[in-house]
Amino acid sequence: MSIRVAAVQAEPVWLDAKATVEKTIALIAEAAAGGADLLAFPETWIPGYPVFLWSYPVYLQQEFVARYHANSLTVSGEQMARIREAAAEHSITVVLGYSEKSGGSLYMAQSIIGPDGRILLHRRKLKPTHVERALFGESDGSGIKVVDTALGRLGALNCAEHLQPLTKYAMYSQNEQIHVAAWPCLGILGREPALSPESIMAASQTYALEGGVFVITSSQIMSDDGARAFPDASGGPTPVYTGGGGFARVYGPNSGLVTEPLPPTQEGIVYADIDLSSIDLAKNTLDPAGHYARPDVLRLLFNATPATPVTSDDAPDKGREQDFPPPKHDSPAATDLPAPSQGATGR
């Protein structure tokens with residue numbers, strides 16, 4: 001069975017949830033018109049990656065922190081409902097990255113939304129990276145999870161979670177077939193080797209090779225105008241700006257690139273037609289969590305239990321394993337119609 005997957009390469013409307021949700025809905029419609037069964041968005045796509053964390057000392061960040069809280073989504077809120085309705089209207093699976101507001105805390109969240117608008121998985125980044133910990137809270141092992149979908153076994157991680165060997169191994173062990181690697185704005189800090197697009201793409205490609213899985217990478221870009229949303233003292237672009245940052249692409253389970261990349265500064269959607277049967281051949285060579293494992297020598301202790309600060313006797317701790325009702329508009333499930341040939345489109 002051929003599945004058409006798609007990855008977003010675009011710039012959010014910085015610090016503006018309403019406008020970025022509108023753009024999200026338009027991208028969902030565009031991907032569906034392009035025949036996509038699945039669309040992947042970057043990390044913290046809504047309301048954009050918090051570039052201010054890397055741009056200013058803490059005492060100058062407060063204005064941005066307040067705006068970021070005000071423009072973060074709640075998983076059961078109106079803006080999320082609109083995105084779920086768009087997924088259902090177009091019968092497409094959407095993997096959305098966003099800043100989630102829960103009470104007074106923020107989390108780097110991802111939601112897998114099925115083609116009927118149901119949330120199949122809601123997860124949070126296990127541990128924010130470096131300065132991100134000044135803004136976002138941590139999660140627990142319940143979000144390191146692969147879910148069954150009509151397209152196959154689907155999972156997602158955020159950013160530097162792809163540099164955590166044990167987290168990756170926990171995902172590999174769940175027989176993941178399609179993986180969304182959501183990356184933030186790669187138009188910043190590009191000259192720092194550990195954070196460069198080259199290193200990030202190497203991590204994505206390694207995930208495909210190790211896991212024997214199709215990896216869909218999605219990233220934000222930053223324009224010259226966007227860089228001025230976080231101005232320096234003279235009103236110029238943020239000092240961490242290095243330009244572009246678009247690296248949407250798809251890697252096959254043998255680590256080969258199966259898409260034609262867009263230019264790093266160009267907005268668009270990259271498409272690939274994939275066949276899950278090719279995973280068997282890849283894993284016949286390497287299957288680190290299967291026949292290539294040595295559990296008598298090395299094993300992973302994995303705690304997938306949800307954890308919350310307070311658990312009462314009459315309300316057992318269920319973490320985020322909630323039953324999110326379907327959106328208002330019913331829609332048929334995604335079909336298995338043949339998709340057009342793979343390629344990339346830009347605007």
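Residues being in a loop (DSSP other than H, G, I, E, B), charged (D, E, K, R) and within 18 Å of L121 (Cβ to Cβ): count how many of those fall in the range 162-191.
Adding up the residues that qualify gives 1.
In the range 69-111, what residues are aliphatic (A, V, I, L, M), closer than 20 Å to T217 by Cα and in contact with a His (Cβ under 9 Å, 6 or more places away or on another chain)?
A109 - this is the single residue of the range 69-111 that is aliphatic (A, V, I, L, M), closer than 20 Å to T217 by Cα and in contact with a His (Cβ under 9 Å, 6 or more places away or on another chain).
What number goes with the only condition from (1) over 21 Å from R4 (Cβ atoms); (2) of a type in the set (D, E); (3) surrounded by fewer than 24 Cβ atoms within 10 Å (Cβ to Cβ) that E100 does not pass?
(3)
Taking the range 70-90 on its own, how many of its residues are within 24 Å of A181 (Cβ to Cβ) and either more than 19 Å from the chain's Cα centre (by Cα) or aliphatic (A, V, I, L, M) (or both)?
Residues meeting the conditions: 7.
Among the residues of the range 152-161, how many are part of a helix (DSSP H, G or I) and at negative phi?
Here the count works out to 2.
Whether any residue in the range 253-265 is in a loop (DSSP other than H, G, I, E, B), under 20 Å from the mean Cα position of the chain (by Cα), of a type outside the set (D, E, K, R) and within 14 Å of Y172 (Cα to Cα) is what I want to check.
Scanning the range 253-265, I find at least one residue that is in a loop (DSSP other than H, G, I, E, B), under 20 Å from the mean Cα position of the chain (by Cα), of a type outside the set (D, E, K, R) and within 14 Å of Y172 (Cα to Cα), so the answer is yes.
Can S223 be described as free of Cβ contacts under 8 Å to residues at least 24 places away in the same chain and either closer than 27 Å to W54 by Cα or small (G, A, S) (or both)?
Considered against the rule, which asks whether it is free of Cβ contacts under 8 Å to residues at least 24 places away in the same chain and either closer than 27 Å to W54 by Cα or small (G, A, S) (or both), S223 comes out as no.
Please determine, by comparing only the residues of the range 153-191 that are under 22 Å from A36 (Cβ atoms) and of a type in the set (V, I, T), which one is surrounded by the fewest Cβ atoms within 10 Å (Cβ to Cβ).
Result: V180.
Restricting the search to the range 157-194, which residues are small (G, A, S) and either in contact (Cβ under 8 Å) with a residue 24 or more places away in the chain or in contact with an Asp or Glu (Cβ under 8 Å, 6 or more places away or on another chain) (or both)?
Answer for the range 157-194, where residues must be small (G, A, S) and either in contact (Cβ under 8 Å) with a residue 24 or more places away in the chain or in contact with an Asp or Glu (Cβ under 8 Å, 6 or more places away or on another chain) (or both): A160, A170, S173, A181, A182, G187, G190.
Can you tell me how many residues in the range 138-152 are under 17 Å from D116 (Cα atoms) and either buried (at least 19 other Cβ atoms within 10 Å of the Cβ) or not small (G, A, S) (or both)?
Count: 5.
Could you tell me whether any residue of the range 94-101 is β-branched (V, I, T) and more than 17 Å from the chain's Cα centre (by Cα)?
No.
Would you check if V215 is within 18 Å of the chain's Cα centre (by Cα) and not aromatic (F, W, Y)?
Taking the combined requirement at face value, the residue satisfies it.
So which residues in the range 37-70 are of a type in the set (D, E) and farther than 16 Å from V95 by Cα, if there are any at all?
E63
Any chance the range 266-275 includes a residue that's of a type in the set (F, W, Y), under 30 Å from F64 (Cβ atoms) and under 19 Å from the mean Cα position of the chain (by Cα)?
no
From A88, A36, which residue is within 21 Å of V147 (Cβ to Cβ), modelled with pLDDT of 95 or more and in contact with a strand residue (DSSP E or B) (Cβ under 7 Å, 6 or more places away or on another chain)?
A36
For the subset of the range 192-230 comprising residues that are polar (S, T, N, Q) and assigned to a loop (DSSP other than H, G, I, E, B), which member is surrounded by the fewest Cβ atoms within 10 Å (Cβ to Cβ)?
The selected residue is S196.
The values are calculated or read from the model by the stated rules, or taken from the named source; none is laboratory data. Everything numeric here is computed off the predicted structure, so don't read it as measured data. We place every Cβ from the backbone using ideal geometry, glycine too, and count neighbours over all the protein chains shown.
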